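Have a look at the structure below before the remarks.
The values are calculated or read from the model by the stated rules, or taken from the named source; none is laboratory data. Just so it is clear, the model here is predicted, and its values are computed rather than measured. Neighbour counts run over all protein chains shown; Cβ positions are idealised from the backbone, glycine included.
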Amino acid sequence: MRREGELAAAIRGRERHLVDTLSRWVAIPSISTDPERSPDVRRSAEFLRQAALDAGFTVAEVWETAGQPSVFAQRIEDPRLPTVLIYGHHDVQPVDPVAEWEKAPFEALERDGLLLGRGTADDKGHLVMHLEALRGFLDARGQLPINLKLIAEGEEEDGSEHFQQLLAGHRDRLQADVAVISDTAMPAVDVPALTVGLRGLAYWELRVETSATDLHSGVYGGAVLNPITVLVEILAQLHDGQGRVAVPGFYDDVRELTPAERKEIADVPFDADEFAADVGAILGGEVDFSAAERRTVRPTLELCGIWGGYQGEGSKTVIPARAAAKLSSRLVPDQLADRVTGRVEAHLRRLAPAGVRIEFETISTGRWVLTSPDHPAVGAAAQVVAEVWGQPTRFVREGGSIPPVAAISEELNVPCVLLGVGLPGDRIHAPNERVVLDQLFRGTQAVGRLWERYGEMGRSGLSAPPGRPAQEPRG
């Protein structure tokens, strides 16, 4: 117990340094989806490379890809010890609408136990949590009971297009016994949880064209098809009155929940009204499923953007030649992205009036993942989380998508433990993204204990039980 107290105290001593490091990193606008921000994504990678060395990694490198750069770091204590691979991403989402931020998105604001700024929760805060846990551990013990590696990509928010290729190209250096991914959330501050399921993703752009050029609305209005009208009429037919996706065959491959799985979800404390009210939203969706189920384990088809016609000040009496929309679908076991894409595209084309030109492009896809709670690496993580939070650890499924989890499982053949400390109200991808600092502080304690626990288990103790796969990366 004395040694455990010493470790906890050393990690606690890093808390203010965590806030300072995260605030400085937030100031780098590493938006991977914006080509003009590519130099900033590179600056972010260099920042993390140096921060990793400062934290105690003995090697830290920027790895190039055909897109944005990733960062690799490692500390090898003894090849006979278990090796843990940390995954995270250092790129962030765009910040529009900027006017809704309390402070400039890349100027961290600390108040009331929160830190606001783009990337504080998703995902720079989680990576700094790991860095400070390492520094605290080394301050207390001088060395790790495991070998530690880190891979942080720079285009997770842009679909992780080159990540699997990066893994394949560096498979030897990335080999590990277990991967720990910290890019997920817990249901509440007093409901500690590990994520064991992630939805997949398919993201598309739909373009509708009805004429060769923009047209005078007085000369042509009422006599020709308007692409905006065509587009919204098509989109309005994607769901029925019960909130279900109306695309034929959309649900054919969905693995239905068992009564036990639905009970497990219902047993996790979740206030749907509070969930919506926290962000000023209105509840909706499939009427036959709870809000908790709709946001985590049911497939979706959402409209993410729509445009067409004149957008400037004043008026311009014109019928545009084209209009467009962006759509996304969250996929669940056993949906395949290619199959869903084919069904959605076919449905959209069926709905278009004769003569309308339709273009349908797939922007990105990602697979769903299920993790076995029975794997010893997951069990050890559940135990330390329960110790730190003082409450039993729940196993939950997350509504978001992290394509790299499936890529890591497939390319490196390792179990993936999803240990994230975010909260539903963190407003990731939205204005005023924030992180509850106490969650990060507790997370550093959990990480430190986990490294110690994995060291005690040894490589053989981290192996999956016979006949029980750690991961279901198909989908």
Considering residues of the range 161-179 that are hydrophobic (A, V, I, L, M, F, W, C) and under 17 Å from ILE76 (Cα atoms) only, the residue surrounded by the most Cβ atoms within 10 Å (Cβ to Cβ): VAL178
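Given the structure, is VAL384 among the aliphatic types (A, V, I, L, M), farther than 19 Å from GLY461 by Cβ and either crowded, with 22+ Cβ neighbours inside 10 Å or assigned by TED's automatic domain parsing to the domain that holds ARG453 (or both)?
It is false that VAL384 is among the aliphatic types (A, V, I, L, M), farther than 19 Å from GLY461 by Cβ and either crowded, with 22+ Cβ neighbours inside 10 Å or assigned by TED's automatic domain parsing to the domain that holds ARG453 (or both).
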The one condition in (1) farther than 30 Å from GLU398 by Cβ; (2) not in a helix (DSSP H, G or I) that ASP334 fails to fulfil: (1)
Residue, surrounded by the fewest Cβ atoms within 10 Å (Cβ to Cβ), within the range 387-445, restricted to residues that are among the acidic types (Asp, Glu) and under 18 Å from GLY88 (Cα atoms): GLU410
Among the candidates SER329, SER401, SER364, residue that is under 30 Å from PRO248 (Cα atoms) and in a loop (DSSP other than H, G, I, E, B): SER401
Test: residue in the range 230-246 that is under 24 Å from the mean Cα position of the chain (by Cα) and surrounded by 14 or more Cβ atoms within 10 Å (Cβ to Cβ): yes
Restricting the range 121-154 to residues that are in contact with a Phe, Trp or Tyr (Cβ under 7 Å, 6 or more places away or on another chain) and surrounded by fewer than 24 Cβ atoms within 10 Å (Cβ to Cβ), the residue that is farthest from ARG37 (Cα to Cα): PRO145
Within the range 174-229, tally of residues that are more than 30 Å from ALA323 (Cα to Cα) and either of a type outside the set (A, V, I, L, M) or assigned to a strand (DSSP E or B) (or both): 21
Selected residue (only one of ASP214, ASP183, ASP190 is buried (at least 17 other Cβ atoms within 10 Å of the Cβ), charged (D, E, K, R) and in contact (Cβ under 8 Å) with a residue 24 or more places away in the chain): ASP183
Residue check for ILE228: of a type outside the set (Lys, Arg), touching a helix residue (DSSP H, G or I) at 6+ places or on another chain (Cβ under 8 Å), farther than 22 Å from MET186 by Cβ and not assigned by TED's automatic domain parsing to the domain that holds PRO424: no
Search result, residues across the range 15-46 that are closer than 21 Å to TYR87 by Cα and assigned to a loop (DSSP other than H, G, I, E, B): ILE28, PRO29, SER30, SER32, THR33
Residues (of a type in the set (Gly, Ala, Ser), farther than 17 Å from ILE363 by Cα and surrounded by fewer than 17 Cβ atoms within 10 Å (Cβ to Cβ)) located in the range 311-345: GLY312, GLY314, SER315
